[in-house]
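A.B. asks: Take this structure, written in structure tokens, and hold onto it; I'll ask about it next.
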């Protein structure tokens, strides 16, 4: 029988750029095998070395997670749709929804005028607006998702907004992070964001935490707020936010984005599933590209961030049906919204009935990535751009570019005596090793270095003893060797 398999954006390049693939199958296992038979490059992304579905990949039949049906043996009917969901790279006083109206702060005449369109909504009203004023919301990250979420929460009248952010504004942020403008480039984000949010609403109280959220400070910071909005862009912090929310009993308004797709949900271990119920383990380092590597449509974080703000407001005022126990998927290319049901995992290590995680852990170690500032010394793998330039111009080395084709349309290394690079995207490298001579000296580059470091390590493991990573990537080349190469 014919069923459709929905391919998420991160995996479409391994399925001939198709968003949907029809297969003939009677079970989920048969359908996935038919999929990887037709598109072999998908296998390593869906299955581990033992042939088991990877723990960070979930499969839904229509809107049901097959883990809670019969897994691979789950039967299929004509017209069913399978959706592949990979992870993408998010007690103090009573919450305002629990407080008696008599304990809520009053609205000033200025606030009544400002929020009048809320006040005439029966689902909000004066009491709901007072609950918003009483609310303390923590926004982890003031970037792509944090920008629209913070702006709308400020405008809506949330009384106290905590910001966790330690980055500075970069010009590449301005394509999607509307909290910032050209004059903010180089400024600490938390400074620029606080200034802009106070302009949006002078009644807003901002508590700035100019630090990275860590296992040492997360419980203290999270515990000061009623609700947390996850605007993170990496897996260690996403698992940290989840675990801190579970341990402190706080709801976690989740959002994630990649290229043209986004996800939204609310995780709350006390009442429903948490993030670990959906993704028990992170993907291996480097398998899922970041937005910096894979790109993101500028309007997408605006859409997903607004949905996060919407869910936050609903939760605070107690209106409507929250996204707790539901996962919303958005595809900007098809302008398609889909909703999947989430279940609490009874074996969840942190929110299950018999948790094995009762305190915060080392999340960089858990995710298999080095903590910032503690990257391993790969000096034996690296070559500086000036020395590499000398090698390439003298013919002592060949250049290998492991970026995407789209990145090569932006900028390439070559000319002025430097021969053009051999282009092999990192996702294809292992399958195309036969195109490379292991006896040659290779200089491997990407944008900033992480992908080329992985490629260099792979080549060394395969007997390429003279493979070297271009430290800093094409960005460093532009800064130190050839300023005519565009930076992006």
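The values are calculated or read from the model by the stated rules, or taken from the named source; none is laboratory data. Note that the coordinates shown come from a computational prediction; the quantities given were computed from them, not determined experimentally. We place every Cβ from the backbone using ideal geometry, glycine too, and count neighbours over all the protein chains shown.
A.B. asks: Pick out the one residue from 59, 124, 66 that is at pLDDT 90 or above, closer than 30 Å to residue 232 by Cα and within 23 Å of the chain's Cα centre (by Cα).
C.D. replies: Only one candidate qualifies: 59.
A.B. asks: Mind checking which residues of region 367-413 are touching a strand residue (DSSP E or B) at 6+ places or on another chain (Cβ under 8 Å) and either over 18 Å from residue 477 (Cα atoms) or modelled with pLDDT under 95 (or both)?
C.D. replies: The answer is 378, 381, 405.
A.B. asks: Same structure again: Look through 134, 31, 100, 73 and report the one residue that is more than 29 Å from the chain's Cα centre (by Cα) and surrounded by 15 or more Cβ atoms within 10 Å (Cβ to Cβ).
C.D. replies: Exactly one residue qualifies, and that residue is 134.
A.B. asks: Can we say residue 406 is over 30 Å from residue 274 (Cα atoms) and under 22 Å from the mean Cα position of the chain (by Cα)?
C.D. replies: Yes, satisfied.
A.B. asks: Evaluate region 119-128: report whether one residue or more is outside any strand (DSSP E or B), assigned by TED's automatic domain parsing to the domain that holds residue 258, buried (at least 23 other Cβ atoms within 10 Å of the Cβ) and in contact with a helix residue (DSSP H, G or I) (Cβ under 8 Å, 6 or more places away or on another chain).
C.D. replies: yes
A.B. asks: For residue 478, are the conditions met, namely being over 30 Å from the mean Cα position of the chain (by Cα) and surrounded by fewer than 22 Cβ atoms within 10 Å (Cβ to Cβ)?
C.D. replies: It is false that residue 478 is over 30 Å from the mean Cα position of the chain (by Cα) and surrounded by fewer than 22 Cβ atoms within 10 Å (Cβ to Cβ).
A.B. asks: OK, next. Just to be sure, is residue 199 closer than 22 Å to residue 159 by Cβ, over 13 Å from the mean Cα position of the chain (by Cα), crowded, with 22+ Cβ neighbours inside 10 Å and modelled with pLDDT of 95 or more?
C.D. replies: Here the answer is no, as residue 199 does not meet what is asked.
A.B. asks: Residue 290 versus (1) surrounded by 21 or more Cβ atoms within 10 Å (Cβ to Cβ); (2) modelled with pLDDT under 95: which is the lone unmet condition?
C.D. replies: Condition not satisfied by residue 290: (1).
A.B. asks: Got a number for residues in region 382-419 being in a loop (DSSP other than H, G, I, E, B) and within 17 Å of residue 452 (Cα to Cα)?
C.D. replies: Going through region 382-419 one residue at a time, the tally reaches 8.
A.B. asks: Same structure again: Answer yes or no: is there a residue in region 236-250 that is surrounded by fewer than 22 Cβ atoms within 10 Å (Cβ to Cβ) and more than 19 Å from residue 324 (Cβ to Cβ).
C.D. replies: Looking for residues that are surrounded by fewer than 22 Cβ atoms within 10 Å (Cβ to Cβ) and more than 19 Å from residue 324 (Cβ to Cβ), one finds none in region 236-250, hence no.
A.B. asks: Does residue 11 qualify as being at pLDDT below 90 and either under 28 Å from residue 301 (Cβ atoms) or not in a helix (DSSP H, G or I) (or both)?
C.D. replies: In short, yes.
A.B. asks: With (1) assigned to a helix (DSSP H, G or I); (2) more than 21 Å from residue 396 (Cβ to Cβ) as the list, and residue 459 as the residue in question, which single condition is left unmet?
C.D. replies: (2)
A.B. asks: Moving on to the next point. Somewhere in region 316-331, is a residue in the same structural domain as residue 172 (by TED's automatic domain parsing), part of a helix (DSSP H, G or I) and crowded, with 19+ Cβ neighbours inside 10 Å?
C.D. replies: Yes, there is a match, as at least one residue in region 316-331 is in the same structural domain as residue 172 (by TED's automatic domain parsing), part of a helix (DSSP H, G or I) and crowded, with 19+ Cβ neighbours inside 10 Å.
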